[in-house]
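What follows is a single structure, written as structure tokens, with notes after it.
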Amino acid sequence: MKLTLTKALLVFSALFLLTTACRKKDAPLPDNLAQFETTEQGMDAATTSITVKIKLTRATDKDIPVTIGLTNTGVEYTTDYTTTPAATSNTLVLTVLSGSSETSFTVNKAAGALFYGDEKIDFTINSTGSPVIIGTNKQFALSFAELIATQSSIVGDGGGATYGNKIFFDLSANTQVPVQRTKWDFGFYTGTDDFRVILNSSVGMMAKQLDKNDLNAVTAADTAGFSTDVIFNQNDPQTSALAYIDYPSGDLTKTAIAAVSATADDNKVYIINRGKGIGSPAPDRGWKKIRVIRNAAGGYTLQHADIAATTFSTVDIAKDEAYFFKYISVENGAVDVEPKKDKWDIAWTYFSNMANFGGGNVPYLYQDVILQNRNVEAVMIETTTKTYEAFAEADIASLTFKTSQATIGSTWRGVGPDFSPLVYDNRFYVIKDVDNNYYKLRFTAMTKDGVRGFPAFEYALVKKGS
């Protein structure tokens, strides 16, 4: 019996779908590699311990043992340093737990140990459990001195498609510090010249001032209309809402919360939209009312409560010159977020930015934004002017560096013709750090295995600080 054209097409479609499904199902996954997160790192005199990570290409579905060999130069185990977990016969045995894609160990300086700067430990991945195999970065060198990295490449741990982390990078130390971006709510400026409070810009927080300075006198009635006003509305952003976020440049005179006055009665109550959490869809983090005053110790006191509460909690925040900001969570109190101010250069993050769609600037949330530290300067170079490979120390003098924290911002990436993530290859950046080291840096990827949240870049030292 002959098939009709319609029946033939249906049979062909079914066979095509079945064949395609089989091919997708049977396609082998790429090798799952175990390798060090970076190949070298240093411990300066002030650092007492350091954590070293071994990462897999992807999460494993069973426990994977990893053995690490130690080779000492100028140091002895126990006498000068120890590790957690402990090593036996210069061998560390670690486990990547099922469902995870990394493991780590910590190197601890021994109390009273003296270092002269030429001591180091070489770590080598000697074996891994099947089916994981050893990757290219199988060796890691730890020096007991401050490291000025001359060149490196880094894949940032941004937490994947829900961009769950903010990552702080220290170029000279060749390190990254990922911090869950919902960990904090407010940052308190520690400089002696001003009293300023910033919002967590990586979750879309907003703050609106009320004409009241008694937290207990504020009720739900004071927030009428805020649910449509004090909010990041990506579908219909409003120019008026720009006043409720911190200005994207990082200018401390343009924060949503006004400078904290020495006169307590001048410090008003703010209604806080805590923005969105991590997930798809991202959950709401809720609302709070807060008030900030100066305290007798020369720091801050944060008062905070739920909108309808008739009592409030307080947290005192001391200034600390080793940091630019000290961070507070309304749920957990003081939390560690940024590294010390001379221990990071740039950060990758989800960010409360602004955009202009024709009617003026409006608040708009951006993914894959690069921010620079307050003591760092940066400038973009187009490759039509000078290629990355050709850029050298002699080219620095002609550059005009910028101090806005969003100098790099989102200028390094866009979307391709098919709306897929795109890293621009016609530009790179020169970064001057706090120690006057000049680095050239170019971005190489914003995805890993097709998933956003893993920014990658390479960099090289152009001029060492003196």
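Every read-out reported here was derived from the displayed coordinates using simple, explicitly stated rules and does not represent laboratory data. Fair warning: this is a prediction, and the values are worked out from it, not measured in the lab. Counting neighbours? That spans all protein chains shown, and the Cβs are built from the backbone with ideal geometry, glycine included.
Take every pair of alpha-carbon atoms less than 8 Å apart whose residues are at least six positions apart; their mean separation over the length of segment 181-336 yields a relative contact order of 30 percent.
Net charge dipole, the chain: roughly 1440 debye, given to the nearest 20, about the Cα centre with Cβ charges of +1 for Lys and Arg and -1 for Asp and Glu.
Applying both filters, DSSP loop and at most 13 other Cβ atoms within 10 Å, to the chymotrypsin sites (Phe, Trp or Tyr not before Pro) of segment 347-395 gives Phe357. Peptides 77-87, 424-434 ranked from most to least packed, by the mean per-residue count of other Cβ atoms within 10 Å: 424-434, 77-87. Scoring 210-221, 177-188, 100-111 by mean Cβ neighbours within 10 Å over their residues and listing the highest first yields 177-188, 100-111, 210-221. Beyond 23 Å in Cα-Cα separation lie the following of the pairs Lys440/Lys464; Lys62/Lys166; Lys109/Lys464: Lys62/Lys166; Lys109/Lys464.
Computed per residue of the chain from DSSP H runs no shorter than four, each worth -39500 (n - 2.57), the mean residue ellipticity at 222 nm is -2000 deg cm²/dmol. Normalised by the number of residues in the chain, the mean separation of alpha-carbon contacts (under 8 Å, six or more apart) gives a relative contact order of 13 percent. Annotation: Cα Rg of the chain relative to the compact-globule expectation 2.2 N^0.38 Å equals 1.13. Calculated FRET efficiency, Asp63 to Gln180, Cβ-Cβ distance, R0 = 25 Å: about 0.55 to the nearest 0.05.
Distances between placed amide hydrogens fall under 5 Å for Asp246 paired with Leu199, Ala256, all partners being 5 or more residues away or on another chain. Annotation: extensible slack from Ser329 through Asp122 equals 70.6 nm (criterion: 0.36 nm per residue apart, minus Cα-Cα distance).
Hey, got a sec? Which GluC sites (Glu not before Pro) in segment 369-432 land in a DSSP loop and have at most 16 other Cβ atoms within 10 Å? In loop regions of segment 369-432 (DSSP not H, G, I, E or B), the sparsely surrounded GluC sites (Glu not before Pro) are Glu389.
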